[in-house]
Amino acid sequence: MSGPGIVAYLVVSILVFSVGALGVLVRRSPLIVLLALEIMLNSGNLALIAFSRRFADGDGQIFALTVMVVAAAEAVVGLGLIVAMSRQKVDLDVDKLTSLRG
Amino acid sequence: MAVAAWIVLASPAAAVALIALAGGRISGRVAGWIASLSALTSFVCSLVVFSLLLGENPDERAGHVSTLFTWLSTGTEGSGSDSVRIGLTVAIDPLSVFMMLVVSGVGFLILAYAVGYMHGDDEERRYHAYKAVFLFSMLLLVQSGNLVLLLAGWGMVGLSSYLLINYWHHRYQAVAAGKKAFVMNAVGDATFALAVFILIQETGSTDFGPVFGSAPGAIAQGSTMAVLVGLGLLGGAIAKSAQVPLHTWLPDAMEGPTPVSALIHAATMVTAGVYLIARTHSLFELAPDIQDLAGILGAVTIVMAGLIALVQTDIKRVIAYSTMSQIGYMFVAVGLGAYGAGLFHLMTHAFFKALLFMAAGIVIHALAGEQDIRRMGGLARELPLTYRAFLVGSLALAAIPPFAGFFSKDAILASAANAGTLGWCLWSAGTIGAFLTAIYTFRLVFIVFFGEPSPFVREHLHKERFEGPFAMVWPVSILAVLSIVGGFLQVPGAWSAVDDWIHPVAESAEEASGLTAWLSALAALGASVAGIILASRFYRRPTHRAERLRRRYPLATRAFERKFWWDETYDVVFYAPASGTANGLLRYVERPLFLGTLRGLGTGVRDLARSVAQLQTGLVRAYALALAAGVAVLTVVFVVVH
Amino acid sequence: MILASFTDDVGNVLVWAIWVGAAFAFIASGIAVISFGDPFYSALALIVNLASLAVLYLLLESEFVAAAQVLVYAGAVIIMFLFVIAYLGGRADTPWVGGPRFQTVGAVLAAGAIAVEVIVVVTLKAADALGSVHPISASFGSPATVGRLFLSDHLLAFEVTSIVLLVAAIGGVVLGRSVPSEQRAEAE
């Protein structure tokens, strides 16, 4: 195989995954959180494709496509929630949503 | 004969069952008749047994036993030395038959009287049922053929006494009195039981025949074991018979209805101690010091109770102290070994004491429950028949011939005169006692019956056709007759029916005879007559002589009125430490340890939960952080493990 | 097999250069997404992220997945995001960070820990196992291969994902509908 080995792809994948995790944990706007979530999912896809290439097995690509579908569905629902929240005049701040407190 | 003896025992038990099962379907009167009828049945069957026993040779009369089944058996099978068999055994011998006759006869009269006395009470049926329970227990006590069954009957009479003393359970004095009686009796029960244990260990049996037969061989005379057995039995006897020092419960027991006082606390239960000593006399003879102690305690009680009775103002309490005093005479008798004389006095005392209580009951009933003699007076005019019955009883009590008390008391004093130095001491106590008895008895007669009717009497007296309900009057009449003629059963110097009858079971000590006997009789009679004269001088007409005497001797007066401070002493010695310990334990051990622990457990869990709940901030980000941190940790774990 | 033929022509160096560029863009745009205050700029950074990811897929001989990535993500999901951001307007702006300090510190630590751990494992421990690469056939990442796999070995996953899409569509509609008039009258 030409280019860097699989290890390099994996390293890139994990770096971006941790960046995405940081974003989910640190940002207060639900919109940005969703975007960071997309990044995490994509980095996971990258790892899958890399392994699929390493073992010459097409199943990894199938898995990655399925993940993509799920991510899209999740983005739909999440954005719908944000729209409903803003319609109910709820503050778009993750820290303010504390009904689970106690 | 055995069948008749079992019927005697079973009849009151059947009455109890019948009254209890019938419940509300029968009226109180009917319950009373059932109880009385059962007592009559017992009496008749006792007469049957008596007559059958009469037909036998005197030597063969003792020793009949009839066992229904083995109630309890311990140890190995067979008659090895380890096994003890206790059967439901009934003894049919002269002593038990004598007691059966007295208990069932007087019991029947009193039960019939109670039908009239308790009429109209709210819980009349309960009363008659309890009375029947008592009768059953007392018969069990006197009829039992072994020590354990005797102890069972012993405990059950204590129970019936408790139930009947606080029959009016809404009065707190009655409840307190019942408790006091039961606790003091329990002390006696405990010592009795200890004595039984020692006997089981030494002789391997509890049946009368084997125990009394082998005891002289198994236990040496005067040894520690003998003394312990004697003390144990004596303890039980003095608790049940209200002798010094376990006597303080008897006056308080007057809280119960008058027929209860008549039956239990005059005629029968309190005499159980005397019966016990007579029955186990062979064991007492192994510890002669203890037997002397019984006599001494009896003498002390005679004098002390007599002194206290001089200042009592409740009609029933005077009679109660007089009971205590008379039982002291019986203890003197059995303490000296004069079993026949003691039992004879038991019988005559049952007659005239029950008579006195029942006559007093008619007076109380007529005055709607008043018992304070200071409010009474002049009742002889209003209730002449009752007055005469009371007079008969008082004369018998004061031992004036030809009334019954004279012969029995005289027999006891004659035995005392014949018994050496100790005997003469006891004789003096007995004579002083006779003097005191006459005084307080006739003090009562003069205050209650003589003179003008007091204002209280004029207001509250209500008479019926026979001065009281007929049901109350006829038993009184019968007892009055018995008090007159009963004494002729044993005339010292002439014939001694009771002594001879009891002889196969308990050989009585010799009485004095000849000149000593005559002198003793005259001295006692003189003391009684002097007492009556003194009482008439003080009380026959309203005078201030009694008041002046009180003021001249204030300390003595106070001692008599405070009953020689026995109750106060017991309070300090026993009650205060016990209740102090109980309260201390409650406050310092139970509350902190148990309640504190439970409460601490609850609050501890709640605090823990509250501190854990602080983790639930509601912040989504925090939860997500927890997830991420967990993943970080798990990664390391997985790598390391692999 | 595109890459193979490509490398024959221009050599390994070019591949390496493209790889470095794409990887760098991937990481940098990821950081950019979480750094901007304005969600609009974050969404734009995400587009760059997705494009660079598609290039990386191509380098791994997975053509179909790269194409699907561009079509689905950059074409649909991002547009959705941009629509919502436009709808929210000013309300979408929120302060950058805030809240409890332990949150930020903990987040950095946790994310950093994960990254470090996995890199250590992958480079040191598993480097030998991951070193060799199986040879692939010519039609490795082609639509034909993927399609055949979907309809034979992974038929269940195929059908289930279609249901998931249906559910998401229904969810989107339900969440987005306007409040019925009675409820609105109650709220007032």
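The values are calculated or read from the model by the stated rules, or taken from the named source; none is laboratory data. These numbers come from a predicted model, not from an experiment. No Cβ is skipped: glycine too gets one built from the backbone with ideal geometry, and neighbour counts run over all protein chains shown.
Quick notes on this structure:
- Of all residues in segment A:29-50, those satisfying the criterion of being more than 7 Å from chain C (Cβ to nearest Cβ) and either touching a Pro at 6+ places or on another chain (Cβ under 7 Å) or polar (S, T, N, Q) (or both) are A:S43, A:N45.
- Test: B:T557 is free of Cβ contacts under 8 Å to residues at least 12 places away in the same chain and within 30 Å of B:V445 (Cβ to Cβ): no
- Restricted to segment B:312-409, the set of helices (runs of 4 or more DSSP H) holding at least 2 residues that are outside the structural domain of B:A299 (by TED's automatic domain parsing) is empty.
- Condition check for A:V77 on (1) surrounded by fewer than 21 Cβ atoms within 10 Å (Cβ to Cβ); (2) of a type outside the set (F, W, Y); (3) within 13 Å of chain B (Cβ to nearest Cβ); (4) assigned to a helix (DSSP H, G or I): one failure, at (3).
- Residues being assigned to a helix (DSSP H, G or I) and buried (at least 21 other Cβ atoms within 10 Å of the Cβ) - total across segment B:163-173: 3
- Within segment C:135-149, if we keep just the residues that are at pLDDT 80 or above and not in a helix (DSSP H, G or I), the residue that is surrounded by the fewest Cβ atoms within 10 Å (Cβ to Cβ) turns out to be C:S139.
- Close contacts from segment B:401-415, counting a first residue that is aromatic (F, W, Y) and a second that is crowded, with 24+ Cβ neighbours inside 10 Å and modelled with pLDDT of 85 or more, with Cβ to Cβ under 6 Å and a gap of 6+ residues or different chains, come to B:F403/B:L395; B:F403/B:A396; B:F406/B:A399.
- Helices (runs of 4 or more DSSP H) enclosed by segment C:23-131 - at least 3 residues per element that are at negative phi and more than 7 Å from chain A (Cβ to nearest Cβ): C:39-59, C:63-68, C:78-88, C:101-120
- Residues located in segment C:5-22, provided they are surrounded by fewer than 13 Cβ atoms within 10 Å (Cβ to Cβ), modelled with pLDDT under 65 and facing chain A (nearest Cβ under 10 Å): C:D8
- Test: residue in segment B:104-122 that is assigned to a helix (DSSP H, G or I), within 14 Å of the chain's Cα centre (by Cα), hydrophobic (A, V, I, L, M, F, W, C) and surrounded by 24 or more Cβ atoms within 10 Å (Cβ to Cβ): no
- Of all residues in segment B:24-74, those that are within 17 Å of B:D500 (Cα to Cα) and in a helix (DSSP H, G or I) total 8.
- Exactly one residue among A:V26, A:V7, A:V70, A:V90 is surrounded by fewer than 19 Cβ atoms within 10 Å (Cβ to Cβ), more than 13 Å from the chain's Cα centre (by Cα) and within 7 Å of chain C (Cβ to nearest Cβ), and that residue is A:V7.
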